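Visitor: Before we start, here is the structure in question, set down as structure tokens.
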Amino acid sequence: MIDESQMKIDTTPSFDVHQTETSRLDQVDFSNLDFGRVFSDHMFVMDYEDNLWQRGSVEPYGPFAMSPASMVFHYGQAIFEGMKAYRSSDGTVSLFRPGKNIERFNISARRMCMPEVPEDIFMESLAALVKLDEAWVPDGEEASLYIRPFMIATDSFVGVRASDKYTFSIFTCPVDAYYKGSVKVKVERHFTRATPGGTGYAKAAGNYAGSLYPSQLARKEGYDQLIWTDAQTHEHIEESGTMNAMFVIDGKLVSPQTSDTILNGVTRDSVITLANDLGIEVEIRKITVNELESGLKSGSVTEAFGVGTAATIKSIELIGIDGVNYTLSKAEEDKENTVAFKLSNELDGIRRGRIEDRHGWNIPV
Ligand SMILES: Cc1ncc(COP(=O)(O)O)c(C=O)c1O
């Protein structure tokens, strides 16, 4: 496990840097960023072959040339991470808990039979890339630089087995808020995101492909996202879209235990730590749909929110359970007194340098 507070960034790169001669920076309207559609000037690329990682390089952002027989296109060996760099109030740029994402990337790699990326090379390339494109890190209230490391199987081969060749790459996107306002969610009691023994705890591309159809059906019904339930009984709350689920029940912060069907979120871990710091009682336990429903009826469930890198802490204003919609109107009316608001304020304050980084989470580039 990486101790982030001990993490040092090596300034001598063990990879080549080919800088672009034509920056696209002045073409970007930073006051109107479409999430995930604007890409910074550079990307990192490193290939794996002959059982070894080859020398990587930072290159101008651009397309890959790939064989149609590349195994990723057919058998889906692909993993990714999502993390962010923030500009703090004094202008410095820091990565938020990068060690956690590196660790989880390699957990995903093992599950998908892919080679692990050495932690030092991962960290160095990440820092070098963000440093080089530092001017792309926006400074708006909810803005940040979203960082997307990923790995794909690149062997040209038709046949189901693990690939012999891979490409690891990182690109970045200046982004603003992921969702504007609160979200409406539906508790999914038929389709399944992850099964015990499956790949739910990995950030494997296929997990997301499989979630699209049920999410699309929910959107047609007027919801923004799903809350997934367990595959066997559909009685237990798991997580929500690309966020871990949290509830305030009788004043306590309650969240399901992570498992092989729930992604171990970095934001979830951070929020739980901060709740403990703030003296908010935390319960990590199973939550049944019945408990949620009766709590929404009785008023003991006062808040629901999703936590994740892209959206940070996103309040849920409405929950649909078996065709009945329950609204969390009190939390909506009195936002500044919610647990979600306090936690969000604390987390954001640390990331932006307004509150002391007492856990050593910010790693300056
Ligand atoms: C399925 C899923 N759950 C939870 C999360 C939240 O994890 P994190 O806080 O590390 O972004 C994500 C996003 O990465 C996700 O894709």
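Visitor: Somewhere in the stretch 255-266, is a residue under 23 Å from TYR179 (Cα atoms) and either surrounded by fewer than 21 Cβ atoms within 10 Å (Cβ to Cβ) or in contact with a Pro (Cβ under 7 Å, 6 or more places away or on another chain) (or both)?
Guide: yes
Visitor: Further question on the same structure: Going by what's in this entry, would ALA85 be described as within 16 Å of the ligand (Cβ to nearest atom) and either under 18 Å from GLY360 (Cα atoms) or polar (S, T, N, Q) (or both)?
Guide: Taking the combined requirement at face value, the residue satisfies it.
Visitor: Of these, ILE280, ILE319, which one is assigned to a loop (DSSP other than H, G, I, E, B), modelled with pLDDT of 95 or more and over 24 Å from ASP176 (Cα atoms)?
Guide: ILE280
Visitor: Which number in (1) buried (at least 21 other Cβ atoms within 10 Å of the Cβ); (2) touching a Lys or Arg at 6+ places or on another chain (Cβ under 7 Å); (3) among the acidic types (Asp, Glu) marks the one condition that GLU188 misses?
Guide: Of the numbered conditions (1) buried (at least 21 other Cβ atoms within 10 Å of the Cβ); (2) touching a Lys or Arg at 6+ places or on another chain (Cβ under 7 Å); (3) among the acidic types (Asp, Glu), the odd one out for GLU188 is (2).
Visitor: Does the stretch 285-295 contain any residue that is assigned by TED's automatic domain parsing to the domain that holds LYS330 and in contact (Cβ under 8 Å) with a residue 60 or more places away in the chain?
Guide: To start, the set of residues in the stretch 285-295 that are assigned by TED's automatic domain parsing to the domain that holds LYS330 comprises 285-295.
With in contact (Cβ under 8 Å) with a residue 60 or more places away in the chain added as a condition, the list becomes 289, 292.
Yes, because at least one residue in the stretch 285-295 is assigned by TED's automatic domain parsing to the domain that holds LYS330 and in contact (Cβ under 8 Å) with a residue 60 or more places away in the chain.
Visitor: Something else: Can you name the residue in the stretch 218-254 that is more than 11 Å from the ligand (Cβ to nearest atom) and of a type in the set (D, E, K, R) and is also surrounded by the most Cβ atoms within 10 Å (Cβ to Cβ) among such residues?
Guide: Taking the candidates together, the pick is ASP230.
Visitor: Working only within the stretch 237-264, note down all residues that are more than 17 Å from ASP224 (Cβ to Cβ), part of a strand (DSSP E or B) and hydroxyl-bearing (Ser, Thr, Tyr).
Guide: SER255, SER259
Visitor: For the subset of the stretch 98-119 comprising residues that are among the hydrophobic types (A, V, I, L, M, F, W, C) and under 19 Å from LYS165 (Cβ atoms), which member is nearest to the ligand (Cβ to nearest atom)? Reasoning before the result, please.
Guide: Let us first name the residues in the stretch 98-119 that are among the hydrophobic types (A, V, I, L, M, F, W, C), namely 102, 105, 107, 109, 112-114, 117.
Still in the running and under 19 Å from LYS165 (Cβ atoms): 105, 109, 112-114, 117.
Working: PHE105: 11, ALA109: 16, MET112: 15, CYS113: 20, MET114: 18, VAL117: 17 Å.
Of everything passing the filter in the stretch 98-119, PHE105 is nearest to the ligand (Cβ to nearest atom).
Visitor: In the stretch 327-365, what residues are under 29 Å from VAL301 (Cα atoms), crowded, with 17+ Cβ neighbours inside 10 Å and touching an Asp or Glu at 6+ places or on another chain (Cβ under 8 Å)?
Guide: LEU328, ALA331, THR338, VAL339, ALA340, GLU346, ILE350
Visitor: Also: Could you check VAL307 against (1) away from the ligand (no atom under 16 Å from the Cβ); (2) under 18 Å from TRP228 (Cα atoms) and say which number it fails?
Guide: For VAL307, the exception is condition (1).
The values are calculated or read from the model by the stated rules, or taken from the named source; none is laboratory data. Small disclaimer: the values here were computed from a predicted structure and weren't measured. Neighbour counts are summed over all protein chains in view; Cβ atoms, including those assigned to glycine, are modelled from backbone coordinates with ideal geometry.
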